[in-house]
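Let me begin by handing over the structure; questions about it come next.
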């Protein structure tokens, strides 16, 4: 599809009517959940360094002892919450803003399967802390002392199952409810009362006919099954007078009505290893979805009365595995995995690659104050000028917690209050990135 035709389509369907999706934002201050207040990877910070001194910004402090894991920190009301697998247990840690531990609590068992370590980040809302462990156990804790207030085994309640590389999604708060993705026979997605853990609604399961084995190869006979949860986390937005939850299961992108739990639409996105791990990215009235071993795609969401459907506008070769993407203006920033193993940006109107470089490996990112904060999985932290016409690395430094031989620096960076937070397994480090005098 040419740029002119894409512009016409978007103008007719979105621009003229002024119909643009609006992401739901947490009412809490700071960085209270996965990927920030709106789950879009965009920080509202201003007054940050536009380039770093040689060797990187000043490290303010670093703590170790977090165990194994790739969860990112959340920061709210003067406290940092982060998780790690320590021995046989999943531990939730609370630190003050100088890195001093306030308390530690647990949420069930650690993950001992393939790629052992903690996955899920915490979510803070209305004086409560929520966390989902690798076995799909959700716990609600008192953030003052870590006392568990309630917990639900989602696999047991909804007859779900775990997946090859373990449950990795993060709780989403919607008013009085906490949104979870059990997968399985009784529900694809569910809403729990955030005060009690009781089921508020449960969507129907996502039933499909499997014809291909996990890892590839045809089945002798097709098998009907309920799709499992994916590794993706949902976003919530308003569009066309409805509130949409969009996420990915094991083999599909899907949307659920946030008020009723009704399954609105599904789109098959088969991959060899059934890894759909990126949080969807909202762009105007569209969602951008990327995955390894398949094309990234942009779908327009069409609301027609009670019906909701999708239209694919374009596909491209960006095959981000789990770093997610950021949309700013008419540009989508993301990374490539098997096809290129680098970072760059796309024209959101056409899907055309505007720029990409393999100076940095695949990674995760946050947008803040006109810069892209990019953490490559090889352990390099970079500050990128994200101008599509002048896309270049301004500054970089080796993150001390990283190990280029493993290439598993997967926790997403966080930028808040003039500070940059980086995590790699056992270590969490805090850097000063505020420009003095601004």
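Within the bounds of the range 34-46, is there any residue that is more than 24 Å from the chain's Cα centre (by Cα), exposed (fewer than 14 other Cβ atoms within 10 Å of the Cβ) and at pLDDT 95 or above? Write out each step before concluding.
Of all residues in the range 34-46, those more than 24 Å from the chain's Cα centre (by Cα) come to none.
No, that holds for no residue.
Is it the case that residue 374 is more than 17 Å from residue 392 (Cβ to Cβ) and either free of Cβ contacts under 8 Å to residues at least 60 places away in the same chain or in a loop (DSSP other than H, G, I, E, B) (or both)? Full working, then the answer.
Working: more than 17 Å from residue 392 (Cβ to Cβ): no; either free of Cβ contacts under 8 Å to residues at least 60 places away in the same chain or in a loop (DSSP other than H, G, I, E, B) (or both): yes.
Judged against the criteria, residue 374 is not a match.
Which residue is surrounded by the most Cβ atoms within 10 Å (Cβ to Cβ), if the candidates are limited to the range 182-209 and must be in contact with a helix residue (DSSP H, G or I) (Cβ under 7 Å, 6 or more places away or on another chain) and within 24 Å of residue 142 (Cα to Cα)?
Here the residue is 182.
Residues to consider are 163, 179, 138; find the one that is under 19 Å from the mean Cα position of the chain (by Cα), closer than 26 Å to residue 408 by Cα and buried (at least 23 other Cβ atoms within 10 Å of the Cβ).
Numbers: 163 fails: buried (at least 23 other Cβ atoms within 10 Å of the Cβ); 179 fails: closer than 26 Å to residue 408 by Cα.
Within the list 163, 179, 138, the selection yields 138.
Let me ask something else about it. Filter the range 293-321 down to residues that are part of a loop (DSSP other than H, G, I, E, B) and within 22 Å of the chain's Cα centre (by Cα) and give me whichever is nearest to residue 232 (Cα to Cα).
Ranking the qualifying residues of the range 293-321, first place goes to 321.
Now for a separate question. So, in the range 161-181, of the ones that are at pLDDT 95 or above and touching a helix residue (DSSP H, G or I) at 6+ places or on another chain (Cβ under 7 Å), which residue ends up farthest from residue 39 (Cα to Cα)?
Top of the filtered list is 162.
So residue 146 fits all but one of (1) assigned to a loop (DSSP other than H, G, I, E, B); (2) more than 23 Å from the chain's Cα centre (by Cα); (3) surrounded by fewer than 17 Cβ atoms within 10 Å (Cβ to Cβ); what number is the exception?
If we test residue 146 against (1) assigned to a loop (DSSP other than H, G, I, E, B); (2) more than 23 Å from the chain's Cα centre (by Cα); (3) surrounded by fewer than 17 Cβ atoms within 10 Å (Cβ to Cβ), just (3) comes out false.
Scan 84, 120, 55, 99 and give me the residue that is within 19 Å of the chain's Cα centre (by Cα) and either surrounded by fewer than 19 Cβ atoms within 10 Å (Cβ to Cβ) or in a strand (DSSP E or B) (or both).
84
Would you say residue 112 is without any contact (Cβ under 8 Å) to a residue 40 or more places away in the chain and either assigned to a loop (DSSP other than H, G, I, E, B) or under 21 Å from residue 27 (Cα atoms) (or both)?
Values: without any contact (Cβ under 8 Å) to a residue 40 or more places away in the chain: yes; either assigned to a loop (DSSP other than H, G, I, E, B) or under 21 Å from residue 27 (Cα atoms) (or both): yes.
Taking the combined requirement at face value, the residue satisfies it.
Could you list all residues from the range 322-347 that are touching a strand residue (DSSP E or B) at 6+ places or on another chain (Cβ under 6 Å), buried (at least 24 other Cβ atoms within 10 Å of the Cβ) and outside any strand (DSSP E or B)?
323, 325
Is it fair to say residue 296 is under 24 Å from residue 362 (Cα atoms) and either out of contact with any helix residue (DSSP H, G or I) (no Cβ under 6 Å at 6 or more places or on another chain) or surrounded by fewer than 21 Cβ atoms within 10 Å (Cβ to Cβ) (or both)?
Spelling it out, residue 296 is indeed under 24 Å from residue 362 (Cα atoms) and either out of contact with any helix residue (DSSP H, G or I) (no Cβ under 6 Å at 6 or more places or on another chain) or surrounded by fewer than 21 Cβ atoms within 10 Å (Cβ to Cβ) (or both).
If we keep just the residues of the range 381-399 that are in contact with a strand residue (DSSP E or B) (Cβ under 7 Å, 6 or more places away or on another chain) and in a loop (DSSP other than H, G, I, E, B), which is surrounded by the fewest Cβ atoms within 10 Å (Cβ to Cβ)?
388
Which one is modelled with the lowest pLDDT among residues in the range 283-292 that are on the phi < 0 side of the Ramachandran plot and part of a loop (DSSP other than H, G, I, E, B)? Give the derivation first.
At the first step, the residues of the range 283-292 found to be on the phi < 0 side of the Ramachandran plot are 283, 285-292.
Now drop any that are not part of a loop (DSSP other than H, G, I, E, B), which leaves 285, 290-292.
On the way: 285: 98, 290: 96, 291: 94, 292: 90.
By that ranking, first place goes to 292.
Inside the range 68-81, can you point out the residues that are closer than 12 Å to residue 414 by Cβ and either in a strand (DSSP E or B) or without any contact (Cβ under 8 Å) to a residue 24 or more places away in the chain (or both)?
Matches in the range 68-81: 74, 75, 76, 80, 81.
From the list 216, 184, 197, which residue is at positive phi and at pLDDT 95 or above? Even if it seems obvious, please write down each step before you answer.
Numbers: 216 fails: at pLDDT 95 or above; 184 fails: at pLDDT 95 or above.
After applying the criteria, what remains is 197.
Let me ask something else. Mind listing whichever residues of the range 163-188 are assigned to a loop (DSSP other than H, G, I, E, B), farther than 19 Å from residue 224 by Cα and touching a strand residue (DSSP E or B) at 6+ places or on another chain (Cβ under 9 Å)?
167, 168, 169, 170, 171, 176, 181
In the range 32-52, how many are assigned to a strand (DSSP E or B) and farther than 22 Å from residue 234 by Cβ?
Selection size over the range 32-52: 1.
Kindly indicate the residue of the range 260-282 that is part of a loop (DSSP other than H, G, I, E, B) and in contact with a strand residue (DSSP E or B) (Cβ under 6 Å, 6 or more places away or on another chain) and also nearest to residue 304 (Cα to Cα) among those meeting that condition.
Step by step, filter the range 260-282, then rank; the result is 261.
The values are calculated or read from the model by the stated rules, or taken from the named source; none is laboratory data. All values reported here derive from a predicted model rather than from experimental measurement. Because the Cβ atoms are built from the backbone with ideal geometry, glycine has one as well, and the counts that use them run over all protein chains shown.
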